[in-house]
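One structure below.
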Amino acid sequence: MSPSKESNPKLANVSLSTVIAELQDIRDSIDNIDASIIHMLAERFRCTQKVGVLKARHNMPPSDPVREAQQVTRLRQLASAAKLDPEFAEKFLAFVIREVIHAP
């Protein structure tokens, strides 16, 4: 149950317009983060395309299970340090890798 204005004096002095403005600021931050994520993913895909071209040119296998396992370990550690669920980070990486494989 959320605190009411009566039970929390700090809420009594906050106007609805202040709350709406704060909410919009937070949403603007989320929008900026989402845009950054998209741009970073696009850059990552460009890099993986270069890796694919280089591997093909030198008759190397497209997949590198050792590298992928290292990345899983690394991202799980980064996620833990960032207080993000390591399982989520691993699933996210698996999703990105699957998409790279299907990218044109």
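Descriptive notes on the structure:
- Inter-label distance for Thr48 and Asn32, nm, one decimal - labels placed 7 Å from Cα along Cα-to-Cβ: 2.8
- Applying a length cut-off of 27 Å (Cα extent along the axis) and a mean Kyte-Doolittle floor of 0.5 to the DSSP H helices of the chain leaves no helix.
- The chain, helix-only ellipticity at 222 nm - DSSP H runs n ≥ 4, -39,500 (n - 2.57), divided by all residues, nearest 500: -26500 deg cm²/dmol
- Extended-chain gain in nm, criterion 0.36 nm per residue less alpha-carbon gap, Asp64 and Phe92: 8.3 nm
- Spin-label model distance (nm) - Val14 vs Glu99, 7 Å beyond Cα toward Cβ: 3.4
- Percent of alpha-carbon pairs separated by more than 13 Å within the stretch 63-104: 53
- Equivalent-ellipsoid semi-axes of the chain, from the Cα gyration tensor, Å, largest first: 44, 17, 9
Throughout, read-outs are computed from the coordinates displayed, never taken from laboratory work. Bear in mind that the values here come from a model prediction, so they are computed numbers and not experimental data. We place every Cβ from the backbone using ideal geometry, glycine too, and count neighbours over all the protein chains shown.
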